[in-house]
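**Student:** Handing you this structure, nothing more for now.
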Amino acid sequence: MAERAGVSIGTASGVLSDKGSASRETKAAVVAAAEELGYTRRPRQSTRAAGSALTTAGILARRLHFPSPGNPFYMEVLNGAQRACADLGIALTLETVEDADDRQLPLIVARRQAQGLLVLGSLDDRFIRRLLEAGTPCVTVDHTVEDLPVDCVRSEDEHGGYLATRALLDLGHTDPPPAMIVGLPALRPLADRVAGYRRALAEQGLRVPPRYVQRSADLSFPAGRAAMDQLLDLPTPPTAVFASNDSTALGALEALRTRGIAVPEQCSVIGYDDMEMASHSPPPLTTVHVDIDLLGAQGIWHLVQRVAAPAMTRRVTCLGVRLVTRDSTAPPPQQRSRSAG
């Protein structure tokens, strides 16, 4: 067609897709050539979801959960949400909620800048109720809201905690059993990971020794290092540790390195989330894989439907998880000694 019209393929394509700045004569030549060849232009399709009332989505999070270089988990959630919005032709705006002030509506809501909100991490249920009362549909990511018409997108955290703990038990870490480093118990995903940890131990008839579950104020590298130091100072230190995210697991590895304890020869460590940094740590970290960017994308897909039908039945979507085995786990020292003998 381009040859018959005497133009380049790019020019012909631009004319037929109503793009470019071809002259009137060139456009006429391309259209005439197309008619001669029996070419029919396809109708242009919008990338926006058919019938969607969502043109701008808001992302709302406390500082603890706000996407930033220091919070890589929620950065990946944001990446997934951004890709889904780009595919659907939806604009995206972000706002931080101050932890101490849940009485004032976010600007996104007060100025009606978005038709729906993706809430990252935990917010007080009363605050989410206020958002709904202001006429803003919500979907939560990595948190569950009960008794409100709010969709929730999470990973299978109880199962993930079980998989991590069972992997350590299967390696032979039973006497003493694996320890766990966990953040604030009020966060539902973390509470579920602890529940999975306890279930795996209960199946083996094992009890958690006192102080083997180390609570940290947050899920940071320094918190993981401090918690690991506490475990190593116990009268009987563990030979295996399940950390409730990769950042605390990497902090635990640093504490072990500082004390000259070899991983995994003397102590095994498992993380959670499978962040990119997990595969590059020394040694590469065994961890539970979460499809993090899919959490964000799934949240946007739910939000499109929730905005279209705010009164629909509440949905909780749990994404599957799997164990990724790398070099930070091995049988305990006493078991390897018996095998060698």
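**Student:** With the requirement that a residue be outside any loop (DSSP other than H, G, I, E, B) and either in contact (Cβ under 8 Å) with a residue 24 or more places away in the chain or at positive phi (or both), what does the stretch 113-139 give you?
**Tutor:** Quick first cut of the stretch 113-139, residues outside any loop (DSSP other than H, G, I, E, B) only: 116-120, 125-133, 138-139.
Result: G116, L117, L118, V119, L120, R126, F127, R130, L131, C138, V139.
**Student:** Right, something else. For residues that are outside any loop (DSSP other than H, G, I, E, B) and among the charged types (D, E, K, R), scanning just the stretch 235-263, find the one that is nearest to G160 (Cα to Cα).
**Tutor:** First, pick out the residues of the stretch 235-263 that are outside any loop (DSSP other than H, G, I, E, B): 240-243, 246-258.
If we keep only those that are among the charged types (D, E, K, R) too, we end up with 246, 254, 257.
Values: D246: 13, E254: 24, R257: 26 Å.
Residue satisfying both the conditions and the ranking: D246.
**Student:** Also: Name every residue in the stretch 227-250 that is surrounded by fewer than 23 Cβ atoms within 10 Å (Cβ to Cβ) and of a type in the set (D, E), in order of residue number.
**Tutor:** Hits for the stretch 227-250 are D229, D233.
**Student:** Turning to a different aspect of this structure: Got at least one residue in the stretch 214-226 being over 27 Å from P69 (Cα atoms) and either small (G, A, S) or surrounded by fewer than 18 Cβ atoms within 10 Å (Cβ to Cβ) (or both)?
**Tutor:** Keep residues of the stretch 214-226 that are over 27 Å from P69 (Cα atoms), which gives none.
No.
**Student:** On the given criteria, is E254 open to solvent by 50 Å² or more (accessible area, probe 1.4 Å) and in contact with a helix residue (DSSP H, G or I) (Cβ under 7 Å, 6 or more places away or on another chain)? Break it down into steps so the answer makes sense when it comes.
**Tutor:** Details: open to solvent by 50 Å² or more (accessible area, probe 1.4 Å): yes; in contact with a helix residue (DSSP H, G or I) (Cβ under 7 Å, 6 or more places away or on another chain): yes.
It is true that E254 is open to solvent by 50 Å² or more (accessible area, probe 1.4 Å) and in contact with a helix residue (DSSP H, G or I) (Cβ under 7 Å, 6 or more places away or on another chain).
**Student:** Look at the stretch 264-276 and say how many of its residues are among the aliphatic types (A, V, I, L, M), in a loop (DSSP other than H, G, I, E, B) and under 23 Å from D170 (Cα atoms).
**Tutor:** First pass over the stretch 264-276, keeping only residues among the aliphatic types (A, V, I, L, M): 269-270, 275.
Filter again for in a loop (DSSP other than H, G, I, E, B), leaving 275.
Next, from what is left, pick out any that are under 23 Å from D170 (Cα atoms): none.
Count: 0.
**Student:** Mind telling me which of the residues T144, T174 ends up being open to solvent by less than 20 Å² (accessible area, probe 1.4 Å), farther than 22 Å from S247 by Cβ and of a type in the set (V, I, T)? Before the answer, list the steps.
**Tutor:** Numbers: T174 fails: open to solvent by less than 20 Å² (accessible area, probe 1.4 Å).
From the options T144, T174, the qualifying one is T144.
**Student:** So, V290, is that one within 30 Å of T56 (Cβ to Cβ) and open to solvent by less than 10 Å² (accessible area, probe 1.4 Å) or not? Outline the logic, then answer.
**Tutor:** Details: within 30 Å of T56 (Cβ to Cβ): yes; open to solvent by less than 10 Å² (accessible area, probe 1.4 Å): yes.
Here the answer is yes, as V290 does meet what is asked.
**Student:** Taking the stretch 277-333, which residues are assigned to a helix (DSSP H, G or I) and out of contact with any Gly (no Cβ under 9 Å at 6 or more places or on another chain)? Walk me through it before giving the result.
**Tutor:** Initially, the stretch 277-333 is screened for residues assigned to a helix (DSSP H, G or I), giving 277-280, 292-308, 333.
Those that are assigned to a helix (DSSP H, G or I) and out of contact with any Gly (no Cβ under 9 Å at 6 or more places or on another chain): M277, S279, H280, W301, H302, Q305, P333.
**Student:** Something else now. Tell me which residues, restricted to the stretch 76-112, are within 19 Å of R62 (Cβ to Cβ) and in a loop (DSSP other than H, G, I, E, B).
**Tutor:** Within the stretch 76-112, E98, D99, A100, D101, D102, R103, Q104, L105, P106 meet the criteria.
The values are calculated or read from the model by the stated rules, or taken from the named source; none is laboratory data. None of the values given here were measured: they were computed from a predicted structure. Cβ atoms come from the backbone with ideal geometry, glycine included; neighbour counts cover every protein chain shown. Areas reflect the complete protein model, heavy atoms only, side chains present, ligands, DNA and RNA absent. Shrake-Rupley method; radii C 1.70, N 1.55, O 1.52, S 1.80 Å.
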